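The values are calculated or read from the model by the stated rules, or taken from the named source; none is laboratory data. Predicted model only: the values in this text are computed from it and were never measured. Cβ atoms come from the backbone with ideal geometry, glycine included; neighbour counts cover every protein chain shown.
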Amino acid sequence: DAMVIQNPRYQVTQFGKPVTLSCSQTLNHNVMYWYQQKSSQAPKLLFHYYDKDFNNEADTPDNFQSRRPNTSFCFLDIRSPGLGDAAMYLCATREGRGTDTQYFGPGTRLTVL
Amino acid sequence: GENVEQHPSTLSVQEGDSAVIKCTYSDSASNYFPWYKQELGKGPQLIIDIRSNVGEKKDQRIAVTLNKTAKHFSLHITETQPEDSAVYFCAASKVRNQFYFGTGTSLTVIP
């Protein structure tokens, strides 16, 4: 059974048109992460939530925002997508304090036209 | 911040041979080192991990070694099979809210 679910799997948007990517988890984990992965590159952490506590990476552009309305769901909002934002966006979870393992979702591939 | 380097970027081996992927890290305070396998169109999947209080860990055909003094760790896959073909990422973590990934190794196992 899928534990970290990302919807949609493929998203096409237009330059400058806001887009929201969704992640949900059935693991009841405290921590949720969003990563950006460009072609043939390593995943790059954008931000994470520990419960409701939001933590932004210093080099994450302001164009990227996130919401976590409850434990199960986390959203990535890209306010004005540029061509350089085309990438795979990965959501991951971790149980919380005292645990190490991250569980990744299958990713959403974003295309910006 | 942490800097993780990974080599080689591509690796081809004959089925049944061994594959070795190496990573180095810069922050001596890093204490957790996972390895992920990523197949095309899928998210990374944890295959093995090691903590800094251990020098080696093995799980069937997969093993990881850690040299804290030299700040490097390696993934060893023995008796490779075509289904081992994928991109492999190493990562390092000091606090579990931040994971730093290597640049990946594309492994091809030739039947």
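Looking for something at pLDDT 95 or above and under 12 Å from A:L110 (Cα atoms) - is there at least one such residue anywhere in the range A:38-49?
Taking every residue of the range A:38-49 in turn, none turns out to be at pLDDT 95 or above and under 12 Å from A:L110 (Cα atoms).
Is the range B:71-84 home to any residue that is of a type in the set (A, V, I, L, M, F, W, C), more than 8 Å from chain A (Cβ to nearest Cβ) and out of contact with any helix residue (DSSP H, G or I) (no Cβ under 8 Å at 6 or more places or on another chain)?
yes
Considering the range A:71-94 alone, what residues qualify as being of a type in the set (A, V, I, L, M, F, W, C) and either within 14 Å of chain B (Cβ to nearest Cβ) or closer than 19 Å to A:V31 by Cβ (or both)?
Matches in the range A:71-94: A:F73, A:C74, A:F75, A:L76, A:A87, A:M88, A:L90, A:C91, A:A92.
For A:T111, work out the one condition from (1) touching a residue at least 24 places away in the same chain (Cβ under 8 Å); (2) assigned to a loop (DSSP other than H, G, I, E, B); (3) surrounded by fewer than 21 Cβ atoms within 10 Å (Cβ to Cβ) it doesn't fulfil.
(2)
Just checking, how many residues over the range A:1-37 are part of a strand (DSSP E or B) and either over 18 Å from A:P106 (Cβ atoms) or not hydroxyl-bearing (S, T, Y) (or both)?
16
Kindly evaluate B:A63 against the criterion of being within 14 Å of chain A (Cβ to nearest Cβ), under 11 Å from the mean Cα position of the chain (by Cα) and crowded, with 17+ Cβ neighbours inside 10 Å.
no
Can you pull out every residue in the range B:48-63 that is among the basic types (K, R) and on the phi > 0 side of the Ramachandran plot?
Passing the criteria: none in range.
Take the conditions farther than 27 Å from B:S106 by Cα, in contact (Cβ under 8 Å) with a residue 12 or more places away in the chain and in contact with a strand residue (DSSP E or B) (Cβ under 9 Å, 6 or more places away or on another chain) and apply them to A:P69. Does it pass?
Here the answer is no, as A:P69 does not meet what is asked.
Please give the number of the condition A:R97 fails out of (1) farther than 30 Å from B:P8 by Cα; (2) of a type in the set (K, R); (3) more than 9 Å from chain B (Cβ to nearest Cβ).
With (1) farther than 30 Å from B:P8 by Cα; (2) of a type in the set (K, R); (3) more than 9 Å from chain B (Cβ to nearest Cβ) applied to A:R97, the lone miss is (3).
Any idea which of B:S93, B:S30 is farther than 22 Å from A:G105 by Cβ, at pLDDT below 95 and over 12 Å from the mean Cα position of the chain (by Cα)?
Among B:S93, B:S30, only B:S30 is farther than 22 Å from A:G105 by Cβ, at pLDDT below 95 and over 12 Å from the mean Cα position of the chain (by Cα).
Mind checking which residues of the range B:31-57 are in contact with a Lys or Arg (Cβ under 9 Å, 6 or more places away or on another chain) and of a type in the set (A, V, I, L, M)?
B:L46, B:I47, B:I48, B:I50 - these are the residues of the range B:31-57 that are in contact with a Lys or Arg (Cβ under 9 Å, 6 or more places away or on another chain) and of a type in the set (A, V, I, L, M).
Could you look through the range B:17-53, keep only residues that are touching a residue at least 12 places away in the same chain (Cβ under 8 Å) and of a type in the set (K, R), and pick out the one that is nearest to the other protein chains (Cβ to nearest Cβ)?
B:R51
Can you name the residue in the range A:13-49 that is small (G, A, S) and over 20 Å from B:L40 (Cα atoms) and, of all such residues, is farthest from the other protein chains (Cβ to nearest Cβ)?
Looking at the filtered set, the residue picked out is A:G16.
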